[in-house]
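Read through the structure below, which is laid out as structure tokens, and then see the notes.
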Amino acid sequence: MEKPIVRFYTKSKMPRLRWATDLHQYFVYVVNRLGGERKATPKKIVQAMGVKSLTLSHVKSHLQMYRNKKRRDSVQERIMRQEMRWRQFQQHFQIYERLRDATEFIQNQRRLSDNKEKTIEFLKPSNKTMEVGHADDGLVAASDGANVRLNSTGVLKGEEKLSLGLTLGLKY
């Protein structure tokens with residue numbers, strides 16, 4: 001069995017560079033001037049910055065961290081935008097449902113009101129005469145050219161034991 005190859009850490013000869021805020025801001029300015037973090041190369045950044053103590057390895061490392069941070073930030077921003085769109089969709093859908101329910105309620109109220117008016121009109125005394133005749137399956141009542149079939153007890157066919165008011169949904 002072979003021993004796994006382990007790469008040992010070797011300390012760089014160049015001291016670690018602490019990127020001060022103003023140095024980092026200058027770095028970002030140069031990167032943007034060179035076309036963004038994807039187009040800017042470490043060599044061009046070093047040349048454009050012109051800082052003597054800044055080496056290519058410092059810029060490579062910092063550019064890599066800068067790119068990774070930008071990528072993470074853009075992914076988080078995209079996720080936040082998607083979540084915000086989803087919340088807006090849910091809010092708009094709730095508003096739509098409320099409006100739909102309110103519209104249905106208003107339409108139902110109008111229908112009930114119309115039915116109530118028709119029932120009241122129907123129940124008003126009339127001077128019209130109604131002719132009643134006999135048919136094989138019950139009575140036939142005729143008024144103004146409309147024929148209505150009644151059973152032997154004088155109730156509309158199919159509507160036995162229900163009053164007109166209950167059929168129309170009126171409360172007494």
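The values are calculated or read from the model by the stated rules, or taken from the named source; none is laboratory data. Only a predicted model underlies this, so the values are computations on that prediction, with no experimental measurement involved. To get the accessible areas, we keep the full protein, side chains included, count just its heavy atoms, and leave off ligands, DNA and RNA. Shrake-Rupley method; radii C 1.70, N 1.55, O 1.52, S 1.80 Å.
Some points to look at:
- Segment GLN64-VAL6, length gained on full extension (0.36 nm per residue, minus Cα span): 18.4 nm
- Taking every protein chain into account, the accessible area of the range 1-116 amounts to 90 square angstrom per residue (probe 1.4 Å).
- Cross-link check: pairs LYS11/LYS52; LYS44/LYS70; LYS44/LYS69; LYS11/LYS39 evaluated at a Cα-Cα cut-off of 27 Å; pairs beyond the cut-off: LYS11/LYS39.
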